[in-house]
Amino acid sequence: MSARERILAKLRSGLAGSIPRPDDFEPAVVTEPWRYPDRAARIERLVELMSAVQTRFERTTRADWPTRVLDLLEARGIDRLLVATGMAHGARLAAHIEGLAKAPSLFAYDRPIEAWKSELFDSVPASLTTTRGAIAATGSLILWPSADEPRLMSLVPPLHIALLEASRIQDNLHEVIETEGWAAGMPTNALLISGPSKTADIEQVLAYGAHGPAELVVVLLEDA
Amino acid sequence: MSEMFFDAAPNATRVAPARPLPRDYPATKPGDVYLFGTCVVDLFYPEAGLDAIRLLEREGVRVHFPDQQSCCGQPAYTSGYTDEARAVARAQLALFERDYPLVVPSGSCAGMFRHHYPALFADDPVLLARAQALAERTFELAEFLLEVCRVQWRDQGPPVAVALHTSCSARREMNTHLHVRALLDRLDNVERREHDHESECCGFGGTFCVRMPEISGAMVANKVESLERSGAARMVTADGGCLMNISGAMEKRAAGMPSEHLASFLWRRTNPAAVSQ
Amino acid sequence: MNQAARIPAVELSSRQLKANAHEALNDAQLRTNMRTAMDSLIAKRLAVMPEAEREPLRELGNHVRARALSKLPELLERLEARLTANGVQVHWAETVEEANAVVLDIARRRRARAVIKGKSMVSEEMEMNEALEAEGIESLESDMGEYIIQLDHEKPTHIIMPAIHKNARQVAKLFEQHLGEPYTEDVDELIQTGRRVLRKKFLDADIGVSGVNFAIAETGTLLLVENEGNGRMSTTVPPVHIAVTGIEKVVENLRDVVPLLSLLTRSALGQPITTYVNMISGPRKAEERDGPEEVHLVLLDNGRSQAFMDAELRQTLNCIRCGACMNHCPVYTRIGGRAYGTVYPGPIGAIISPHLVGLENAPDHPSASSLCGACGEVCPVKIPIPDILRRLREENVKPPAAASAHPLRGQGSKYSPGERSLWRMWVRLYTSPRLYRAFSFALTRLRRLTPARLGPWTLNHAPPRPASRSLHELAREHLDHDRRGADR
Ligand code: SF4
């Protein structure tokens, strides 16, 4: 018998004569305390929780966001931005900077990681990604990395800028999973991101920028 | 109830209390009760047992004290000697057959009757039924005075600041901390002082204090320090085991403060004759 | 190659809890570090868990875990099927040796020279670092806390905060000594040092190892929580990801993780959620540009199935490893994690270790508790830890050969015919009113003869002083005769 068979056989004998528990999952327990009356309340909760862990918010509009992104890059002296230039937001940003005298250079994560690992780690100061939405209850962004926006885009550069449409903020995780039917098909990687990387492993003193981004800026499109 | 449950004191290190155990109290005061003295009170704090009787009698309750009682069985039970605990428990079970409430001047022994006797006799339908019936009518002394007798007292003593220590099983199985606080708060001249880490164990733990004396010693040392920091002039507790542990450690260290069983403190505060003594 | 990792950690024996505790209790620095840290963790949890939310959530958390265990074999098979369909390779191991063999096989096939690890307590059970080092493969911890203690040749002393027993000064010295960094107690600077050193390691690693917080059968998903990002690094950057976990970690449905996640992060750290929740459902797809080419899951038993056989002890496997029971434990707070000598310390360590290493190797663990109940009160999945501790004491004092429906490894490790006969005498005394009367008479009348030293009691206490007359006697005087009978 293999280890698998031995383990399963033992577990089965432990359950002999018992019946599985029925599923009494009570969704209200994980939803009701975490409901917010409207968009404004959801935004407020999200901003409150994420700001508490040093996330910065740029509250802006569909029309204005490229300007705001450029401003915040400039304020930090950043002249290179990793962004999916093939996606709508990337194209929009590219169009916006065209003809500007001073603008950061945009470049995409268009090769497999193996082809540029050390460059990604050593010389990419900032990235901009979209988000799938956010969760007010816990103050979390939802990201499903894709071919255009691979997993490490939100992890390796010291500054991560995340675009969020306000209409995509939902009340709680249970609602997200249910309304979007996650159980029917999960991507290879799904992420909830709730702030810049941090640690409290030394004397419980909170320090930001542990292994991931030291700074997370959410560009919130309030009219989207 | 729920508000009582949120310990309101600014004590960040307090363990958050569990949910209240729902319990219905008899609407009328019974005429008769049993008293289970407990083994520690019997030999070390008999006056506290007598004061418990006096407190109950003053409320017009007839107290029965079956002479053959000894120990609830907890020391053996928590040491893993389940058969031995059952043998002793069984002897007690036979002593409290009438429908009287069983009042116990110790929350942890009351918890033993209320929560662990049914588990001990789970395999014997006849004894189980008896154990369950007894569990239903078991009350810790402070609980009984507060919720069943609904005592109305007048504090007769001079102003004093007291610190309260509650045994862990009394706290978690019987809510004794809430009942005792409520009783103390009815005494106008008694100021109850919180101490830091109030909900933390004093290190007694039955046989734990002799099996792991060093760890237990560190715990009781910290408890004594916390009590001292509270600035209280006395310590009261509703549990003989903790009282023995804490007062014994205070005496050894020549530190701390006078300490006594809650029953004695309550009787003295509310009985003019005792006060004048 | 990191030097520190090659020197095996010197560990205290799990058979010597009492002696280890002696050392810890006399370590003033440790006592202060632990007390401060635990007080802060307790306060943080309390701040984010108002009772009205907490109790229904604990109930639901318990339901989710109990339901998963009630169909564990079926869920493991479903998990395996889903993961396999997703392209993840699933391995089963009954023992830590088998689990290490799986890892080493993969490492050899990949010609791996360096492994980077995210935090995983199961890999600690396996002593995976040592197994890899023995094959000449570097195995480096990347969680800041784990990294610190690996530098100091130590083992984690807390399951969530491995270096909780150290203060900044101690870490500063360590970094100065091992990394040649200028001495600084500035935590930000210390963390930046760790970040710098470890970033290089992520780049070079051939294999990333991680634990799993929840394995979701419904979707074939491995869910990991963390704050630092090292877990995401370890599971994304190297070409191979090996996740190791205990067989109990599976939950039935994706939505089942909602309450568990909420309970876990709030109980553990007082956070509404961790910075990252990383849900992995497969290796890199053809069109994707990063992520591991291979993902493996190793399912380890290592004694868990022993706990599973008994309905009461099975509840031990509800555990979601939040560490709250440790943070609230007055014993753990005083002796720290190292004194236990087992991978899992504190109350959860006391109830799980007997299954992992046998009662004979953790004989004092069930007794290292005053049964105060703080652990059971805070446990987010409502494991009745004090009841299980008491039960293990019972198993521990049984005669080793006594028949048992589900014998535990090391049953009767504390069996002592002497102690048993003492308890039998106690039974005689406390069930015979005549004997008890004589005994209490003797004790009260000879009270002045109480010895000044009375075993362990007088280590901490003044000698006990029995009263001059027992309550039985006082009651006889005070109550009329018909109120002293047995009422029969
Ligand atoms: S036993 Fe409960 S409190 Fe302790 S680590 Fe496990 S889940 Fe957390």
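Observations on the structure shown:
- Which listed residue, of B:Leu164, B:Leu184, B:Leu127, is at pLDDT 95 or above, farther than 15 Å from B:Ala238 by Cα, out of contact with any Pro (no Cβ under 8 Å at 6 or more places or on another chain) and of a type in the set (A, V, I, L, M): B:Leu127
- Out of A:Arg59, A:Arg6, one residue alone is open to solvent by 60 Å² or more (accessible area, probe 1.4 Å), at pLDDT 95 or above and not in a helix (DSSP H, G or I). It is A:Arg59.
- For A:Leu15, the test of being touching a Ser or Thr at 6+ places or on another chain (Cβ under 8 Å), surrounded by 13 or more Cβ atoms within 10 Å (Cβ to Cβ) and closer than 30 Å to C:Val96 by Cα is passed.
- Wholly within the range C:99-170, helices (runs of 4 or more DSSP H) carrying at least 3 residues that are under 29 Å from A:Ile7 (Cβ atoms): C:121-126, C:128-134
- Yes/no for C:Ile207 being in the same structural domain as C:Arg35 (by TED's automatic domain parsing), open to solvent by less than 10 Å² (accessible area, probe 1.4 Å), away from the ligand (no atom under 16 Å from the Cβ) and more than 24 Å from C:Met34 (Cα to Cα): yes
- Considering the range C:348-362, and only residues there that are assigned to a helix (DSSP H, G or I) and among the hydrophobic types (A, V, I, L, M, F, W, C), the residue that is nearest to the ligand (Cβ to nearest atom) turns out to be C:Ile348.
- The set of residues in the range B:74-89 that are touching a residue at least 24 places away in the same chain (Cβ under 8 Å) and facing chain C (nearest Cβ under 8 Å) comprises B:Pro75, B:Tyr77, B:Thr78, B:Ser79, B:Thr82.
- Residue in the range A:79-96 that is nearest to C:Ala286 (Cα to Cα), counting only those that are hydrophobic (A, V, I, L, M, F, W, C) and surrounded by fewer than 17 Cβ atoms within 10 Å (Cβ to Cβ): A:Met87
- The residues of the range A:9-44 that are part of a loop (DSSP other than H, G, I, E, B) and basic (Lys, Arg), listed by number, are A:Arg21, A:Arg35.
Residue-by-condition table, conditions (1) over 18 Å from the mean Cα position of the chain (by Cα); (2) open to solvent by 10 Å² or more (accessible area, probe 1.4 Å):
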site	(1), (2)
B:Glu59	yes, yes
B:Pro66	yes, no
B:Tyr100	yes, yes
B:Gly107	no, no
B:Met112	no, no
B:Tyr117	no, no
B:Ala122	yes, yes
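- Cβ-Cβ distances below 8 Å connect the following pairs, each with a first residue in the range C:461-480 that is over 13 Å from B:Pro66 (Cα atoms), a second residue that is modelled with pLDDT of 95 or more and in a loop (DSSP other than H, G, I, E, B), and a separation of six or more residues or different chains: C:Ala467/B:Tyr45.
- Residue match in the range A:119-127 (condition: buried (at least 18 other Cβ atoms within 10 Å of the Cβ) and over 19 Å from C:Glu288 (Cβ atoms)): yes
- Residue in the range B:105-128 that is at the interface with chain C (Cβ under 9 Å from one of its Cβ atoms) and of a type in the set (Asp, Glu) present: no
- Conditions (1) more than 11 Å from the ligand (Cβ to nearest atom); (2) away from chain B (no Cβ under 12 Å); (3) open to solvent by less than 20 Å² (accessible area, probe 1.4 Å); (4) under 12 Å from the mean Cα position of the chain (by Cα); number of the one not met by C:His365: (2)
- Qualifying residue in the range A:214-223 (condition: more than 7 Å from every other protein chain (Cβ to nearest Cβ), in contact with a helix residue (DSSP H, G or I) (Cβ under 7 Å, 6 or more places away or on another chain) and among the charged types (D, E, K, R)): yes
- Identity of the residue in the range C:314-347, away from the ligand (no atom under 11 Å from the Cβ) and more than 10 Å from every other protein chain (Cβ to nearest Cβ), that ends up nearest to B:Glu198 (Cα to Cα): C:Gly336
- Qualifying residue in the range C:393-401 (condition: at the interface with chain B (Cβ under 9 Å from one of its Cβ atoms), open to solvent by 40 Å² or more (accessible area, probe 1.4 Å) and within 16 Å of the ligand (Cβ to nearest atom)): no
- Subset of the range B:221-258 (residues that are within 14 Å of the chain's Cα centre (by Cα) and open to solvent by 30 Å² or more (accessible area, probe 1.4 Å)): B:Met244
- Looking across the range C:238-258 at every residue that is touching a Pro at 6+ places or on another chain (Cβ under 9 Å) and facing chain A (nearest Cβ under 7 Å), the one that is surrounded by the fewest Cβ atoms within 10 Å (Cβ to Cβ) is identified as C:Arg255.
- Checking C:His158, C:His165 one by one, the residue that is within 16 Å of the ligand (Cβ to nearest atom) and either open to solvent by less than 10 Å² (accessible area, probe 1.4 Å) or within 17 Å of A:Thr199 (Cα to Cα) (or both) is C:His158 and no other.
- Per the conditions (1) in a loop (DSSP other than H, G, I, E, B); (2) over 26 Å from B:Met219 (Cα atoms); (3) open to solvent by less than 10 Å² (accessible area, probe 1.4 Å), the sole criterion not satisfied by C:Pro380 is (2).
- Of all positions in the range A:152-171, none carries a residue that is within 9 Å of chain C (Cβ to nearest Cβ), touching a strand residue (DSSP E or B) at 6+ places or on another chain (Cβ under 8 Å) and open to solvent by 10 Å² or more (accessible area, probe 1.4 Å).
- Yes/no for C:Leu474 being within 9 Å of chain B (Cβ to nearest Cβ) and either among the β-branched types (Val, Ile, Thr) or not in a loop (DSSP other than H, G, I, E, B) (or both): yes
The values are calculated or read from the model by the stated rules, or taken from the named source; none is laboratory data. Not measured: the values here are computed from a predicted model. Cβ: placed from backbone, ideal geometry, glycine included. Neighbour counts: every protein chain shown. We work out accessible area using only protein heavy atoms, side chains counted, and drop any ligands, DNA or RNA first. Shrake-Rupley method; radii C 1.70, N 1.55, O 1.52, S 1.80 Å.
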